[in-house]
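Undergrad: Sharing a structure here in structure tokens format.
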Amino acid sequence: MAIFEPLSMMGFLIVFPLVAALVLAVARNNMVRNVVVIASAVIIGLVSVVFAMTNMGAPWVLQEFSSTIVDGVCTVVSIIVAAVILAYGIRYKNVLATLLAIVQVVGSLIFEFMFAHGIHVEYGLYFDSLSLLMTLIIGVVGSGICVYALGYMEDFQAHEPEGAKDRRPTFFALMFIFLSAMYVIVFSNNLLWLFTGWEVTTLCSFLLIGYTKTDEAINNAFRQIIMNLAGGIGFLVALYVCAINLGTLDFLEFLALGVTAPTLVVLPVTALAFAGITKAAQMPFHTWLLGAMVAPTPTSALLHSSTMVKAGVFMLVKLAPVLLVCPIPATMVILVGGITFMLCSFLAISQTNAKRVLAYSTIANLGLITACAGVGTAEAVWAACLLILFHAVAKSLLFLCVGTAEHHIGSRNIEDMDLLFDRMPILARFMMLGIMCMFIAPFGMLLAKWATLVSFTETNQVALIIILGFGSAATFMFWGKWLGKLAGIAGQPKNVEKSVHLSEWMSMLLMVLLVIICCVALGAISQYMVEPYVHSVYTSGGRDLSSDNIMLSALCTILVIIALFPLARTGKGRQVPIYLAGVSRDNDSRLFQSSFSEPREATSRNWYMENVFGEKRVAPIGVVVCSLIIIAAFAVACVALVGIL
């Protein structure tokens, strides 16, 4: 079999990260670790790019591959995942996690030996244009984050107490297992295999969030595992219904059946959508992603940009054609996604912690993608695909920048970043580019939101249009505040970014290039990657991006980048006295003598409106409302199933 055949390349992308993880798990030498991580990341990235480019524009491509051995391995892996969670639940006396793990172990065993054993899936693997888009995100963004982690985790370990155990081998092994599991998710047509990849990402997230083993880390890790185990059980329910009522575990066959006979798939689609909602950290399950902020920054970046949460929205976008004709799960997905987008955008306004702003922004953007999937039209799916891409590249850049800034200025508070343009001039420009890509013209994220608005308008989704308007206004506010802080220059000459590790610069530069490429080549990306998927699922739809407006947007993007990235100041520069209706006292400390002859510090602080948009005020509303929506959807879906039977 030729090495560049699709089946060979898919197999390589699934297996190779596991081999790298095995080597990293036993590698204790820093030099060996650096070589393995960089070499593996480069290989994974290159193979992902070659695979995507050589198959660009392809419709659904099924690979005839089935294996009872692989079926057995997947079942064993799923049981091991649940057993590991069970062991941790017993060790830390977490009753709910223990009970859910028991349910999953028992449920997986019963399903395998009583229902799944006789079902044959001829085409175990597949890919389409959406899979290729996800392949690029996982392979390039995900592996880039792994390289960034080398320098970051070296600093992280240096700040550990003397004599603390070096757990970096486990950390890097989990990172690469994560990549492998994501490839399993995007390539698997066999629902049993897809479920295995789904659960492996859940376990890896649990272990990475709890990496520091502090009480806070352990508690947040268990919050994540409990919520995602609930989603995993929802996935298992869908498998049972598919096997018992539909007699198939073929994902594409299931989707085709759902489009032609939606009444037969109401419950499994609702259950799979529920699994996607939990994985995508939508309300009321958003708190697990906020809790992930306690983990080292590479973990946060990996979970938020290229892996964990993207698995959730990938599932929802795949279900979009069925949701278009299946109103019960569609209503659940639309309302949960829309409410999450608006309320989490409000919540981001009240945050001073940069990582929490990024977390709420991530959840909000995932909510918008979720709502698009629920609408289910060709235009909405087109918008969702672009939102996935631009969110991945921009948010990964921002997380890496915040992690590096935190290590060098000693804070992740936005209010401490008003000197960043002088103290870390290159990093500040990188961060500003990522922020601008998230919310202003001419960058691609705004164009994707415009497409979202068009899709909502064409389907008469009045409530979603209102939600999009208020949520976007909140988005403009919290990003604008942060951007203003970075753009301010306050006369502090000391440059502290010279000690940033080369691996961190390499990764951040990669993300910057990805942001630029995606914005400038938006038309080509749509034409060769997004539109082929849309047209393979729908008879018509998608947007023509060859218009002059899009070309003008690409040109404006180039001009903005040229203006933003002149040679960054690295020297002292010319100092001017501070003047705020008084006499300068100490420029370095920004002290001046006021008109009352008193020493005052020149400060500026954003308005966070905590009394209006604070977590205690806004979050409970979303939790209660979204919980009721999900419960109601499952109740109606169960009634519909009983009616069919």
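The values are calculated or read from the model by the stated rules, or taken from the named source; none is laboratory data. In this text the structure is predicted, and so the values were computed from the model without any measurement. Virtual Cβ from ideal backbone geometry, glycine too; neighbours counted across all protein chains shown. Surface accessibility is based on the protein's heavy atoms, side chains included, excluding ligands, DNA and RNA. Shrake-Rupley method; radii C 1.70, N 1.55, O 1.52, S 1.80 Å.
For (1) part of a loop (DSSP other than H, G, I, E, B); (2) closer than 30 Å to Leu510 by Cβ; (3) more than 23 Å from the chain's Cα centre (by Cα), each residue gets a yes or a no:
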| site | (1), (2), (3) |
| --- | --- |
| Gly45 | no, yes, no |
| Ala52 | no, yes, no |
| Ala58 | yes, yes, yes |
| Leu62 | no, no, yes |
| Asp71 | no, no, yes |
| Thr75 | no, no, yes |
| Ile79 | no, no, yes |
| Ala82 | no, no, yes |
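Undergrad: Which pairs have Cβ atoms under 9 Å, sit 6 or more apart or on different chains, and link a residue in the stretch 8-24 that is farther than 12 Å from Val37 by Cα and assigned by TED's automatic domain parsing to the domain that holds Val140 to one that is of a type in the set (Ser, Thr, Tyr) and surrounded by fewer than 17 Cβ atoms within 10 Å (Cβ to Cβ)?
TA: Taking only residues 6 or more apart or on different chains, the pairs are Met9/Thr54.
Undergrad: Among all residue pairs at least 6 apart or on different chains, which show Cβ distances below 7 Å where the first residue, located in the stretch 285-304, is over 18 Å from Ala394 (Cα atoms) and the second is crowded, with 22+ Cβ neighbours inside 10 Å and of a type in the set (Phe, Trp, Tyr)?
TA: That search, which allows pairs on different chains as well, returns Pro296/Tyr152.
Undergrad: In addition: In the stretch 98-112, which residues are of a type in the set (Ser, Thr, Tyr) and open to solvent by 20 Å² or more (accessible area, probe 1.4 Å)?
TA: Thr98 - this is the single residue of the stretch 98-112 that is of a type in the set (Ser, Thr, Tyr) and open to solvent by 20 Å² or more (accessible area, probe 1.4 Å).
Undergrad: Suppose the filter is over 22 Å from Thr201 (Cα atoms), open to solvent by 10 Å² or more (accessible area, probe 1.4 Å) and in a helix (DSSP H, G or I); does Thr340 pass it?
TA: Considered against the rule, which asks whether it is over 22 Å from Thr201 (Cα atoms), open to solvent by 10 Å² or more (accessible area, probe 1.4 Å) and in a helix (DSSP H, G or I), Thr340 comes out as no.
Undergrad: Contact list please: Cβ distance under 7 Å, first residue in the stretch 442-459 and over 10 Å from Leu387 (Cα atoms), second residue open to solvent by less than 10 Å² (accessible area, probe 1.4 Å) and polar (S, T, N, Q), pairs at least six apart or on different chains.
TA: Pro442/Thr557; Phe443/Thr557
Undergrad: Quick one: in the stretch 259-270, which of the residues that are surrounded by fewer than 24 Cβ atoms within 10 Å (Cβ to Cβ) and touching a helix residue (DSSP H, G or I) at 6+ places or on another chain (Cβ under 8 Å) is farthest from Phe65 (Cα to Cα)?
TA: Thr263
Undergrad: Is the stretch 117-140 home to any residue that is hydrophobic (A, V, I, L, M, F, W, C) and part of a loop (DSSP other than H, G, I, E, B)?
TA: yes
Undergrad: Just checking, does the stretch 87-98 include any residue being part of a helix (DSSP H, G or I), closer than 19 Å to Ile177 by Cβ and not basic (Lys, Arg)?
TA: Yes, the stretch 87-98 contains at least one residue that is part of a helix (DSSP H, G or I), closer than 19 Å to Ile177 by Cβ and not basic (Lys, Arg).
Undergrad: Among the candidates Phe476, Phe470, Phe456, which residue alone is buried (at least 21 other Cβ atoms within 10 Å of the Cβ), in a helix (DSSP H, G or I) and of a type in the set (A, V, I, L, M, F, W, C)?
TA: Phe456 is the lone residue from the list that is buried (at least 21 other Cβ atoms within 10 Å of the Cβ), in a helix (DSSP H, G or I) and of a type in the set (A, V, I, L, M, F, W, C).
Undergrad: Also, I was wondering about something else. In the list Val42, Val76, Val61, Val37, which residue meets the criterion of being open to solvent by less than 60 Å² (accessible area, probe 1.4 Å) and under 21 Å from Pro17 (Cα atoms)?
TA: Criteria check complete, one pass: Val37.
Undergrad: Considering every residue within the stretch 356-371, establish whether at least one is among the basic types (Lys, Arg), over 29 Å from Ile277 (Cα atoms) and surrounded by fewer than 24 Cβ atoms within 10 Å (Cβ to Cβ).
TA: no
Undergrad: Can you tell me which of (1) at pLDDT below 65; (2) under 19 Å from Phe421 (Cα atoms) is the one Ser604 doesn't meet?
TA: (1)
Undergrad: Checking Leu400 against (1) farther than 22 Å from Thr278 by Cα; (2) without any contact (Cβ under 8 Å) to a residue 60 or more places away in the chain: exactly one of these is not met. Which one?
TA: The number of the failed condition is (2).
Undergrad: Right, here's the next one. Could you check the stretch 353-431 for helices (runs of 4 or more DSSP H) lying wholly inside it with 3 or more residues that are of a type outside the set (Asp, Glu) and farther than 18 Å from Ser499 by Cβ?
TA: Helices (runs of 4 or more DSSP H) meeting the threshold: 354-375, 378-409.
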